[in-house]
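Q: I am attaching a structure below and will ask some questions about it afterwards.
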């Protein structure tokens, strides 16, 4: 008798699990602000919209009419999503939501929503299956283009760059050439950068030069398409002076330079920081 009760209990628990509805969330700033129910084979198509659904559909149409670029479709997607909260079984809204995600280039969501539309309107199977095939091809081409752009940007970084500091003055920008430099290189498909840890600077009769090769630290860079990179490192600097008569001395002015910024490629020879560092001082990288 105990076994029988246990078996029935298990069946009942499993039935509850499979009966649970699937919901899609809409998040803003990490917070879920709306959810919609995924239609099932038992869902009955219904486009008899209430006032809230009609309001969101109207807003979506207006945003869609004004859309020019792919990112303009985000508001369209949002309004159709919110409309589906009030009309989860309307195939027309699912189709428009899918189309908007496709225009936004959210290809995975577009395929998901087209399949949900098909659940409510199976008679449109041929059209939707071809549409999904088109989206899969778009997604594949976009991924290949992204890989190619990433590779090209990595190749633009490869080489040796001078670090320049410049401060904003009343008459424009005062450029100060720095003696520090960094090296980017590609290895096994990854982008690395050698940054100096310490530099000895030698002054001879007023002329400044590096007295020896700096010691290096290697950082591995990752993320994005490498059109911009973030660097954070410190450089210990020691200066030695030699007078024109041959005597030399090392003043007590050793210091550490702190670099922390995001550099964006302007072209293959110049990268500028996007943020101010150490007050009004900015940095740029210029290929040597």
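Each value in this text was obtained by applying a stated rule to the coordinates, not by laboratory testing. Every value quoted in this text rests on a predicted model; they were computed, and no experiment measured them. Reconstructed Cβ throughout: ideal geometry from the backbone, glycine too, with neighbour counts over all protein chains shown.
Q: Scale the Cα Rg of region 20-152 by the rule-of-thumb value 2.2 N^0.38 Å and send over the ratio, two decimals. Each step should come with its number before you reach the end.
A: Working: Rg = 15.4 Å, N = 133, 2.2 N^0.38 = 14.1 Å.
For region 20-152, the normalised Cα radius of gyration is 1.09.
Q: Modelled label-to-label distance, residue 267 and residue 21, 7 Å Cα→beta-carbon offset: nm?
A: Calculated label separation equals 5.8 nm.
Q: Using Cα pairs closer than 8 Å and at least 6 residues apart in sequence, work out the relative contact order for region 20-152, in percent.
A: Details: 173 pairs, mean separation 28.1, N = 133.
Averaging sequence separation for qualifying contacts and normalising by length gives 21 percent for region 20-152.
Q: Take the Cα of residue 108, step 7 Å along the line toward its Cβ, and report every residue of region 33-53 whose backbone nitrogen sits under 20 Å from that point.
A: 33-39
Q: Rg and Dmax of region 35-111, using alpha carbons, in Å: what are they?
A: Rg then Dmax for region 35-111, in Å: 12.0, 38.
Q: Sticking with this structure for a sec: Take peptides 41-54, 67-80, 183-196, 126-139 and line them up by average Cβ neighbours within 10 Å, highest first, as a rough protection proxy.
A: Packing proxy ranking, top to bottom: 67-80, 183-196, 126-139, 41-54.
Q: Quickly work out the residue 149-to-residue 194 label distance, labels modelled 7 Å from Cα along the C-beta direction, and quote it in nm with one decimal.
A: Roughly 3.1 nm, to one decimal.
Q: Under a point spin-label approximation (7 Å from Cα along Cα-to-Cβ), what is the residue 46-residue 288 distance to one decimal in nm?
A: My value for the distance between the label points is 7.2 nm.
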